[in-house]
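Let me begin by presenting the structure, written as structure tokens, before commenting on it.
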Amino acid sequence: MRPVRALFPLLLLPVVLAGCGADDGGTATEGADLGAAARDWGVAPELVQVTEVSGYTVFQASVGGYEDEFVAAYRSETGTKFGLFAGRGTLTAENCAKEPLGEVADKPVVCERDGDAWYRTAGDSHEYAASDGGVVIHLIADADKVDRAVLRKAAEAVHRPDDAELAALLPAAADAVGT
């Protein structure tokens, strides 16, 4: 991940988080609607991912593509938030500490293997990141606002959206429920 590319999405996260929320949950699908939504967002369908953590909902207005990554922001009722970023690449023991962690390009990254994912810290940020089939999914937050257990649960629950989850991500779904 290039430092500027890592920095810019997190700088935009507070702006993106001003949107409305929609619930998510479910299993994977490869339907034509996913392909159409991915094209609208300007990303490959395999990059479209969702997660679920009790107490957090996705901001529908935050969902979309940035450069060649899929991005979605999640927040709790208390206002804590984390971002989900999915892009092409791999994360290995060899490159984990070399890849910047979001906007913290000037701080050393510390990596710890945790199951199938990497727990990474740098400055005031932390994340869980996992590689799967050439896709790296990052779940990132401020370390003092979202605890590690929440990010771990989010990482464990990442999956491709089913039809209902995809509908909740799309603008028409938010309009239909009055958000």
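Laboratory data are not the source of any read-out in this text; all were calculated from the coordinates shown. The model shown is predicted, which means the values in this text are computed figures rather than measured ones. All Cβ positions, glycine included, derive from the backbone under ideal geometry; neighbour counts span all protein chains shown.
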task: Subtract the Cα-Cα distance of T92 and T78 from 0.36 nm times their separation in residues, and report this length gain in nm to one decimal.
output: 1.6 nm
- request: Using 0.36 nm per residue of separation minus the Cα-Cα distance, give me the extension gain between K107 and K145 in nm, one decimal.
  value: 11.8 nm
message: Let me spell out the model: positive unit charges on the Cβ of Lys and Arg, negative unit charges on the Cβ of Asp and Glu, origin at the Cα centre of region 38-91. What dipole size does that give, in debye rounded to 20?
response: 100
field: Label-point separation in nm, A36 to D124, each point 7 Å along Cα→Cβ
entry: 4.3
- request: Mind jotting down the three principal axis lengths of region 27-179 based on Cα atoms? Whole angstrom, largest first.
  value: 44, 34, 26
task: Could you rank the peptides 156-162, 37-43 by their average count of other C-beta atoms within 10 Å per residue, with the highest value first?
output: 156-162, 37-43
